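Shown next, in structure tokens, is the structure this report addresses.
The values are calculated or read from the model by the stated rules, or taken from the named source; none is laboratory data. From a predicted model like this one, the values you see are computed outputs, not experimental measurements. In this analysis, Cβ positions are derived from the backbone assuming ideal geometry, glycine residues included, and neighbour counts consider all displayed protein chains. The area values use the complete protein model at the heavy-atom level, side chains included, leaving out ligands, DNA and RNA. Shrake-Rupley method; radii C 1.70, N 1.55, O 1.52, S 1.80 Å.
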Amino acid sequence: MAAERRDRALLAGVVFTVLFAQVALYPDIPALVSALGGTPASWGGNVDAVLSAGKWFLTAEFLGFVLFAGLWGAASDAAGRRRRFVVAGALLGAAGYLAVALVPGFGLPYATVLGLRFLQGAATIGAFSLAVTTLMDLPGGHGRNMGAAGIAIGAGTALGAPVGGQLYALGPFVPLYAASALLVVAASVAALVEERAPESSRGGVRAAVSVLRERPSLAVPFAFGFVDRLTAGFFALVGTVYFRSELGLDAAGTGLLLGAFFAPFALLQYPFGRLSDRVGRVVPVAVGSLFYGVAIVCVFLAPSVPLTAAVMVAVGVLGALVAPATMALVTDLAGDARGTAMGGFNVFGSLGFLAGVVGGATVAARAGFGAAFLAVGLSEVAIAVLALPALLRLGPDRVRAERA
């Protein structure tokens, strides 16, 4: 039990560090893109230019997530090992962040930055996805283990946003250097974890990938994961531009407002994960998603910064109710092919993030921020309503049958 608790804490530390490094870049991405040689963007200028400046920088990283999340998971299932892949992904990701920061010094074109961001994303998703998968391998309850993952995700993003805002005050490349150093730390921590990948997961990459066809019920948590991450992508770019251009906040203030969401999102994931072990996944996932979507729309409707912060806290609470239960549902249905299943979950999640970034920026530029917030909030409401029948069919008896 002591070894399991230790590894749960170490793996949560890895997840925390990877997410902290990623989110530390968000509070002033347009300024970073400009410093890297991309399209210049000024907060006092055209908002459309600001949205465009950040859109492709974020898209390049998440394209790497989409294309490589499943491959990392399938490779770890086929090898029957997790630790070495987590360490490799973290070290390669550290190299990617550092390489992006060094591009301007070599006079390379901005296309090089986007290529390196893609490679950095392809590496980083291995460290993140397989650290979560290794948590899935631990005994002690899927809700508890995914709650630990969730609180690490929430804490990383909760602290990454405000700290990143402060780091930008020291220079536009400081968050990149910090991210690189943090991923080296993550690799060192991951190396201490005991290997617990199930032996039955060995059987070749093709056999591991086929589990997604054999278990179509995984489409339910994948769909919720897509929409949940769509909202994250939306806030990463459109939300931050809205807070700065419409509410008049600077990078530090924007980071603090994002932290109003991520703080309760972090603190409540573990208890809500354990709650889903007791009451099941349906209520946290379906009811939580419904009210989560409504709360997102209310962020735009809030008439002042203090009220916006209060609504962001409510969004964080509801997000914490949904996230660990959704990941636990993946674990319920995955059987021994957990790496592949979590890789697939992250593929759909990354596609959702991309949709939130690109789609949200497009709607905001063409129809305004109100239409963008409404579209994203209603997407969350729609998935809760449309997927409820399928979710209800995945009761405890069905889950046990899937895992048998």
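If you roll a 1.4 Å probe over the heavy atoms of the protein chains, what accessible area per residue do you get for the chain, in Å²?
Per residue, the chain has 36 Å² of solvent-accessible surface.
Based on the Cβ-Cβ distance from Ala181 to Glu4, what FRET efficiency comes out when R0 is 45 Å, to the nearest 0.05?
Taking R0 as 45 Å, the efficiency between Ala181 and Glu4 is 0.95.
Extension gain Leu392-Ala367, at 0.36 nm per residue separation less the Cα-Cα distance, in nm?
Length gained, Leu392 through Ala367: 5.4 nm.
Output the peptides 127-138, 344-355 sorted from most to least packed, where packing is the average of other Cβ atoms within 10 Å over each peptide's residues.
So the peptides 127-138, 344-355, ranked by packing, come out 127-138, 344-355.
I need the peptides 303-316, 232-245, 367-380 ranked by packing, meaning the mean over residues of other C-beta atoms within 10 angstrom, with the highest value on top.
Highest mean packing first, the order is 232-245, 367-380, 303-316.
When the accessible area of the chain is split by element with a 1.4 Å probe, what percent falls to carbon and sulfur?
Ligands and nucleic acids excluded, carbon and sulfur give 70 percent.
What 222 nm value per residue comes from the helices of the chain, counting each DSSP H run with n ≥ 4 as -39,500 (n - 2.57) and dividing by all residues, nearest 500 deg cm²/dmol?
Result for the chain: -25500 deg cm²/dmol, rounded to the nearest 500.
What distance in nm lies between label points placed 7 Å from Cα along the C-beta direction at Ser188 and Leu378?
Going from the Ser188 label point to the Leu378 one covers 5.1 nm.
Give me the extension gain from Ala169 to Ala35: residue separation times 0.36 nm, minus the current Cα-Cα distance, reported in nm with one decimal.
46.9 nm
Could you tell me how far the Cα centroid of the stretch 286-311 sits from the Cα centroid of the stretch 9-40, in Å?
Each part's Cα centre sits 25 Å from the other's.
Sort 151-161, 97-107 for me by packing, meaning the mean count of neighbouring Cβ atoms within 10 Å per residue, highest on top.
Going from most to least packed, we get 151-161, 97-107.
How many nm is it between the label spots at Val305 and Arg196, if each spot is 7 Å from the Cα in line with the beta carbon?
Reported label-point gap for Val305 and Arg196 is 4.5 nm.
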